[in-house]
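The values are calculated or read from the model by the stated rules, or taken from the named source; none is laboratory data. Not measured: the values here are computed from a predicted model. Here the Cβ positions follow ideal geometry from the backbone for every residue, glycine too, while neighbour counts run over all protein chains shown. Keep in mind that these areas ignore ligands, DNA and RNA; they rest on the heavy atoms of the full protein, side chains included. Shrake-Rupley method; radii C 1.70, N 1.55, O 1.52, S 1.80 Å.
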Amino acid sequence: MGLASTWANESHRWEFLKRLITYGYRCYVPSPAMRALDRLTASVPRFVVTCNCNGRFERAGFSSDGILETEGSYARLCCSAGCSDETYDALAFFGASDVPRCPRCGAALDVAVDDTGRISRLEPFHSQEANLRAFLARHADERVCVLELGVGQRNQAIKAPLMAWAESAPLASYVVLNREDPILPSLSSERVASACGDLGEALVALAEGAR
Ligand SMILES: [Zn+2]
């Protein structure tokens, strides 16, 4: 709501953004669910696709080369006038008292978060998409598990393309953890599974079981 709100002036908006970035990203301590997910996947090639825009996977130790943030991240700032495709480290502007400005045109910088598709033109998000395509191509003939965690079951941005990819990859399996009734890809029964319930509890149990 804060991001979508109209603020009285640029300073008020930047004060809000600083609070948001501090709370959501800068001070983030990885949760038990995040630590369990890290333990479960740390020993194999892995790639995270997320519509969360709080930069937390990187904070939790996941490599920036293996993350696609489909709606951007408020760990990055971009020109509010849209004059270029560059983004900037948000924390680099925390020391200054003034509203951060675009070095090219002088407009205020704002968080690089967007769900209309513009974000895929900006770096690093453009490269993140290429990294995902390369990852899926590299592992297309291997035993890949798509672990779908808490995604809306009618989601078209992340779930639908990953289900289609799993259906096209000969050895891929697909696991859904969700509170909703699962929608599953068309795969043979030994290649698909689902569990209904709390994500944190399920990941911690899986990580303990995998020891
Ligand atoms: Zn600009």
Across (1) assigned to a strand (DSSP E or B); (2) in contact with a strand residue (DSSP E or B) (Cβ under 6 Å, 6 or more places away or on another chain); (3) buried (at least 18 other Cβ atoms within 10 Å of the Cβ), Tyr25 clears everything bar (1)
> Is it the case that the range 58-76 has a residue that's touching a strand residue (DSSP E or B) at 6+ places or on another chain (Cβ under 9 Å), within 16 Å of the ligand (Cβ to nearest atom) and more than 30 Å from Ala205 (Cβ to Cβ)?
Replying inline: yes
When restricted to Pro161, Pro170, Pro124, Pro182, the only residue without any contact (Cβ under 8 Å) to a residue 12 or more places away in the chain and not hydroxyl-bearing (Ser, Thr, Tyr) is Pro161
* Quick check, is Val44 out of contact with any Lys or Arg (no Cβ under 7 Å at 6 or more places or on another chain) and surrounded by fewer than 17 Cβ atoms within 10 Å (Cβ to Cβ)? -> yes
So, first residue farther than 17 Å from Gln128 by Cβ in the range 78-101, second residue aromatic (Phe, Trp, Tyr) and away from the ligand (no atom under 11 Å from the Cβ), Cβ within less than 6 Å, six or more apart or across chains; the pairs are Val99/Trp14; Pro100/Phe93
With criteria (1) open to solvent by less than 50 Å² (accessible area, probe 1.4 Å); (2) out of contact with any helix residue (DSSP H, G or I) (no Cβ under 9 Å at 6 or more places or on another chain), Asp89 comes up short on (1)
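This table checks each residue for (1) open to solvent by 40 Å² or more (accessible area, probe 1.4 Å); (2) of a type in the set (Val, Ile, Thr); (3) in contact with a strand residue (DSSP E or B) (Cβ under 7 Å, 6 or more places away or on another chain).
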{"position": "Thr6", "(1), (2), (3)": "yes, yes, no"}
{"position": "Asn9", "(1), (2), (3)": "yes, no, no"}
{"position": "Arg19", "(1), (2), (3)": "yes, no, no"}
{"position": "Ala33", "(1), (2), (3)": "no, no, no"}
